[in-house]
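Asks: Could you have a look at this structure, given as structure tokens, before my questions?
The values are calculated or read from the model by the stated rules, or taken from the named source; none is laboratory data. Because the structure is predicted, anything quoted here is derived from the model rather than measured. So basically every Cβ, Gly included, is an ideal-geometry build from the backbone, and we count neighbours across all protein chains shown. Quick note on the areas: whole protein, heavy atoms, side chains included, nothing else; ligands and nucleic acids left out. Shrake-Rupley method; radii C 1.70, N 1.55, O 1.52, S 1.80 Å.
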Amino acid sequence: MLLTISTTARPATDLGFLLHKHPDRVQEFGQSYGTARVFYPEAGEERCTAALMLDVDPVRLVRSRGRSTPDYALGQYVNDRPYAASSLLAVALADVFRTARTGRCDSRPELAAGPIPLEITLPVLPCRGGPEMAHRFFEPLGWTVGAQAVPLDEGFPEWGDSRYVRLSLRGEVRLADALNHLYVLLPVLDDAKHYWIASDEVDKLIRAGESWLAAHPDRSLITRRYLGRRWALARTAFARLAEIGDDVEEDLEPPVEEDPAADPGPTADAAPSGEPAGEPSTVPTGEPPAVPAGELPASAGEASGERDAAPKRPLNVLRREAVLGALAESGAHSVIDLGCGSGQLVGALLDRPEFTKVAGVDVSAQALAIAARRLRLDRMPDRRRERLELFQGALTYTDDRFAGYDAAVLMEVVEHVDPPRLNALERVVFGAARPGHVIVTTPNAEYNVRYDFLEGMRHPDHRFEWTRAEFQAWAAGVCREYGYHVAFRPVGDDDPELGPPTQMALFGRGSAANAGGGDD
């Protein structure tokens with residue numbers, strides 16, 4: 001099977017630095033089921049192409065199977081594994097381009113940090129659901145997708161198409177992101193894995209998808225397919241995305257949806273060396289299995305034995321509803337969402353006609369582009385569009401556009417600011433913009449021990465996370481400096497020992513009675 005990656009970013013041979021593979025060499029990497037080779041069919045200043053070719057040995061693949069794996073006789077040796085890109089190629093890609101996937105390149109750090117023009121081709125790729133599934137999964141990530149169905153037999157067109165596609169991707173994408181897109185989505189499109197799926201597959205998915213999966217419109221389907229439709233693992237992944245990600249929609253864990261390619265594919269083979277041994281990769285569709293005790297974080301899972309209990313609502317939904325409720329109580333009619341991300345709160349504000357003026361601000365142009373797409377800005381009715389403004393801005397620099405609103409929201413934002421820059425944010429929001437009400441939410445660091453899966457802080461971009469006492473001390477200092485008063489409310493389950501998972505502060509410049517309630 002073959003994968004090629006090309007770029008026209010001059011000098012194009014810098015692709016070798018990004019991939020950590022020299023264009024003048026052919027390099028081999030042994031796999032438990034064959035050999036992966038990296039070579040460069042072309043390497044010039046104008047265009048450079050790196051190829052990853054995986055030569056699968058069917059006999060070695062069979063010998064790596066576990067003793068309990070069913071014997072499929074001839075099917076063990078005669079299959080599409082040596083020719084069609086699948087989880088075998090994804091595992092080889094992860095091994096061969098391990099450093100490139102992290103985005104680290106000491107020789108060309110500025111090139112590794114930003115998008116470059118890329119073209120990726122896969123001549124044969126199993127794609128359950130047809131070419132439209134390739135468009136559905138890759139296009140939201142910024143790719144221009146070319147996916148052509150491969151006919152069963154070109155000599156007999158009446159036989160129709162096979163389940164394979166020829167895939168090409170073109171776009172301006174950071175190389176590390178492109179490799180992680182492929183690592184996750186190749187087995188997702190195939191809808192099968194060659195190894196047994198264990199609980200650490202959730203960690204692999206979160207690591208590879210941390211910069212893009214939470215914002216993907218099909219993240220639920222991607223997660224279920226990647227995890228072999230194992231409901232318990234999918235629930236864990238949903239919880240991690242909802243709890244750790246700052247900007248995840250409420251449909252992240254919907255009822256079981258219709259999969260256009262519902263066939264779960266063949267039973268997985270045993271794990272090759274280097275892959276985890278665990279549960280089978282396919283699970284019968286229908287009623288999800290009971291969730292094992294301890295499988296999920298305390299805040300997201302069902303209690304042991306409570307198979308029919310309704311799942312708890314994601315924290316991000318509770319957080320957004322708490323903010324909307326506080327805004328309604330404040331009587332605000334114009335609201336600015338400072339650090340709006342991909343626009344979920346902005347969309348919820350637009351759905352409420354009492355908010356006659358809504359603005360969304362973010363320092364990331366990419367986040368604003370996602371927000372515009374998610375809000376369907378190009379098709380938005382004029383009356384709704386007239387109430388909305390989206391613009392780019394940094395919250396640590398005074399900006400006249402931030403002023404003139406009844407209320408401002410900083411929802412899961414302050415913890416992304418370096419502590420030495422917090423004074424600048426306070427001055428910009430509370431001193432210069434000076435809205436009548438400011439709503440701030442941030443994680444409660446004390447609650448983190450309730451997440452069994454969590455190591456460190458809840459998001460890799462968090463610069464700090466406050467305890468309740470630290471958050472209240474910060475808020476009190478803001479009030480003294482800028483003439484506000486503050487009240488606090490819990491968001492989510494309020495643990496009697498540790499407090500809530502999210503803490504919310506309601507700042508006001510009027511009388512304390514109008515601050516939105518709560519405990520001062």
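Asks: Long-range amide H contacts for Ile116: which residues qualify at under 5 Å (H placed 1.01 Å from N, peptide plane, sequence gap of 5 or more or a different chain)?
Replies: Those qualifying (amide H under 5 Å, at least 5 residues apart or on another chain) are Val173, Arg174, Leu175.
Asks: What order do Ser32, Ser107 take when sorted by accessible area (1.4 Å probe), most exposed first? Could you put the intermediate results ahead of the total?
Replies: Working: Ser32 30, Ser107 65 Å².
Heavy-atom accessible area, descending, gives Ser107, Ser32.
Asks: Just the accessible area for Asp493, please: 1.4 Å probe, Å², rounded to the nearest 10?
Replies: We get 80 Å² for Asp493.
Asks: For Glu389, tell me the accessible area in Å² from a 1.4 Å probe, rounded to the nearest 10.
Replies: 80
Asks: In addition: Read phi for every residue in the stretch 345-350 and hand back ³J(HN,Hα) as whole Hz from Karplus 6.51 cos²θ - 1.76 cosθ + 1.60, θ = phi - 60°, with x for Gly and Pro.
Replies: 5, 4, x, 5, 5, 5
Asks: Provide the FRET efficiency to the nearest 0.05 for the Glu154-Arg480 pair, computing r from the beta carbons and using R0 = 60 Å.
Replies: Numbers: r = 77 Å, r/R0 = 1.29.
Once rounded, the FRET efficiency stands at 0.20.
Asks: Based on alpha-carbon atoms only, what is the radius of gyration of the stretch 357-475 relative to the globular estimate 2.2 N^0.38 Å?
Replies: Numbers: Rg = 16.4 Å, N = 119, 2.2 N^0.38 = 13.5 Å.
Cα Rg divided by the expected 2.2 N^0.38 Å: 1.21.
Asks: First measure r as the distance between the Cβ atoms of Arg373 and Asp399, then evaluate 1/(1 + (r/R0)^6) with R0 = 30 Å and state the FRET efficiency to the nearest 0.05. Write down the numbers at each step before the final one.
Replies: Numbers: r = 24 Å, r/R0 = 0.81.
After rounding to 0.05, the efficiency reads 0.80.
Asks: Then there is this: State the extension gain, in nm to one decimal, for the chain segment bounded by Val26 and Met457, taking 0.36 nm per residue of separation less the distance between their alpha-carbons. Present the calculation step by step, with values, prior to reporting the outcome.
Replies: Numbers: separation 431, 0.36 × 431 = 155.16 nm, distance 4.12 nm.
Separation in residues times 0.36 nm, less the Cα-Cα distance, equals 151.0 nm.
Asks: Here's a follow-up. Ordering Trp196, Trp159 by how much accessible area each has at a 1.4 Å probe, largest first, what is the list?
Replies: Values: Trp196 40, Trp159 145 Å².
Ranking Trp196, Trp159 by accessible area, largest first, yields Trp159, Trp196.
Asks: Name the long-range amide H neighbours of Cys48: under 5 Å, sequence gap of 5 or more, or other chain; modelled H, no Pro or chain starts.
Replies: Thr7
Asks: Tell me, in nm to one decimal, what length is gained between Arg313 and Leu2 on full extension, where the rule is 0.36 nm per residue of separation less the Cα-Cα distance?
Replies: Values: separation 311, 0.36 × 311 = 111.96 nm, distance 4.31 nm.
Net length gain for the segment: 107.6 nm.
Asks: Applying the Karplus parametrisation 6.51 cos²θ - 1.76 cosθ + 1.60 with θ = phi - 60° to the phi angles of the stretch 100-115, what ³J(HN,Hα) value in whole Hz is obtained for each residue in order, glycine and proline being reported as x?
Replies: Running phi through 6.51 cos²θ - 1.76 cosθ + 1.60 with θ = phi - 60° gives 4, 5, 7, x, 8, 8, 5, 7, 9, x, 5, 6, 5, 7, x, x Hz.
Asks: Can you work out ³J(HN,Hα) from phi for every residue in the stretch 164-180, in order, using Karplus 6.51 cos²θ - 1.76 cosθ + 1.60 and θ = phi - 60°, giving whole Hz and x for Gly and Pro?
Replies: With coefficients 6.51, -1.76 and 1.60, one gets 9, 10, 9, 10, 10, 10, 10, x, 9, 9, 5, 4, 4, 5, 4, 5, 6 Hz.
Asks: Please report, in debye to the nearest 20, how large the charge dipole of the stretch 74-232 is about its Cα centre when each Lys and Arg carries +1 at its beta carbon and each Asp and Glu carries -1 there. Mind showing how you got there, number by number?
Replies: On the way: 19 positive and 20 negative charges, 99 e Å.
The calculation lands at about 480 debye.
Asks: Probe 1.4 Å, all protein chains in place: accessible area of Lys204 in Å², nearest 10?
Replies: That residue has around 30 Å² of solvent-accessible surface.
Asks: Can you list residues from other chains, or at least 5 along the same chain, whose modelled amide H is less than 5 Å from the amide H of Gly339?
Replies: Answer set, sorted by chain and number: Val361, Asp362.
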